[in-house]
Amino acid sequence: MASEPGTQAIDRAAELLVRVLESGEPLAVGELAAHSGLPKSTTSRLVGALERSGLVQRSADRGRLSAGPVLLRFAHRDGGQLLVELAEPVLEHLARETRETINLAVPGPLGAEHLSQRDSEHFVAVTNWVERRVPHHVAANGKVFMAFGAAPVPRQLERFTPRTITKRAALEAELERVRVRGYATAVDELELGLAAMAAPVRDAGDNVVAALSISGPTTRFNAERRAELAPVLVEQACSLSSILGHEEAA
C-alpha cells in the first residue's frame, strides 16, 4: 500500500473489495487482477492489506478470496441485522437444551474468532471466549472452517518432514470425517480437560461463514454426551444457516 499514491490506493483497494463481495464464488488473485485490469503484483499488494485488516481472507481452496472476519460479523438479511443478533435465538436454544457453554465463531486469518457466547449453567464451566482467537487446528470450530474451505491448513504442517507429513495426513483424515458427519470435535487439544464440538453455518451462497459450538469439561461433556447432543447442534446450525438465506439441497 505504501508504494501506491494514497487516494489511488484506497480507491483500488475498495474496488477489489467490492469485486470480492459481489462475486458469486471465491476469487483467485489472478482472476481478481483480470477483472479489475490491475497488474497482478499490485492486486496482490492491495489484497495483502485487505487481508491484514480482516476485510478479506484466503480459503483453503488454493488461496481464493472471500469476505473476511470483520465483514462476516455484519452478515445480514433484509433488516440489516448483525450476525450476532440473528444468532441469538439459536444460541439461547442451545444453551437451554445443553446447559453447556455455547459459542458463535467466524474464521479469521490467524484462527477462529469468537463473537458471542452463552455461559454454562454449571459451576464447573468454560472461560469466556468472546473476542478471543484460537488456532484453527486445535479448536472444533476451527476444524469446521478447515474442513469446508473457510480456513487453510496451518502453515507449519506444509513443511515436508516425516513428522509434519504424518500430522498432515492425520488432520486430513479427521477433516474428511468432519465433512461426512457434519460436525467436528476437539478433545484435550486446546487444553487438557476441555472438550468441544462444532457445526458449520452457511450463507445463501453455500459458503461456511461461521460455526456454532458446544464446550465443557471432559468429565461431563464426554463422548456419550457429545453423541447425544450432536443432532441438536447440527439442527441449530442449519436453522441459523436458513436465517442467513441458505437452502438445503433437495
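Suppose we filter segment 216-238 for residues that are at pLDDT 95 or above and outside any loop (DSSP other than H, G, I, E, B); how many remain?
Total meeting the criteria: 16.
Taking segment 200-250 only, how many residues are over 14 Å from THR98 (Cα atoms) and of a type in the set (Asp, Glu)?
4
ARG99 versus (1) more than 24 Å from GLU174 (Cα to Cα); (2) surrounded by fewer than 20 Cβ atoms within 10 Å (Cβ to Cβ); (3) modelled with pLDDT under 75: which is the lone unmet condition?
Of everything listed in (1) more than 24 Å from GLU174 (Cα to Cα); (2) surrounded by fewer than 20 Cβ atoms within 10 Å (Cβ to Cβ); (3) modelled with pLDDT under 75, ARG99 misses just condition (3).
Mind telling me which of the residues ALA249, ALA196, ALA173 ends up being more than 23 Å from SER66 (Cα to Cα), without any contact (Cβ under 8 Å) to a residue 12 or more places away in the chain and open to solvent by 10 Å² or more (accessible area, probe 1.4 Å)?
One residue alone meets the criteria, ALA173.
Please enumerate the residues belonging to segment 166-193 that are small (Gly, Ala, Ser) and either at pLDDT below 90 or assigned to a loop (DSSP other than H, G, I, E, B) (or both).
Within segment 166-193, ALA169, ALA170, GLY182, GLY193 qualify.
Cβ-Cβ below 7 Å, separation at least six or inter-chain, first residue in segment 218-244 and without any contact (Cβ under 8 Å) to a residue 60 or more places away in the chain, second surrounded by 15 or more Cβ atoms within 10 Å (Cβ to Cβ) and among the basic types (Lys, Arg): which pairs?
Every condition considered, the pairs that remain are SER241/ARG202.
When the residues of segment 116-165 are narrowed to those that are among the aliphatic types (A, V, I, L, M) and part of a loop (DSSP other than H, G, I, E, B), which ends up modelled with the highest pLDDT?
ALA139
List every residue pair whose Cβ atoms sit under 6 Å apart, with the two residues 6 or more apart in sequence or on different chains, where the first one lies in segment 147-159 and is open to solvent by 20 Å² or more (accessible area, probe 1.4 Å) and the second, anywhere, is at pLDDT below 85.
Partner pairs satisfying both residue conditions: GLY149/SER59; GLY149/ALA60; GLY149/ASP61; PRO152/ALA60; LEU157/THR164; LEU157/LYS167; LEU157/ARG168.
The values are calculated or read from the model by the stated rules, or taken from the named source; none is laboratory data. Bear in mind that the values here come from a model prediction, so they are computed numbers and not experimental data. Please note: Cβ atoms are built from the backbone with ideal geometry, for glycine as well, and neighbour counts cover all protein chains shown. Only protein heavy atoms, including side chains, enter the accessible area calculation; ligands, DNA and RNA are left aside. Shrake-Rupley method; radii C 1.70, N 1.55, O 1.52, S 1.80 Å.
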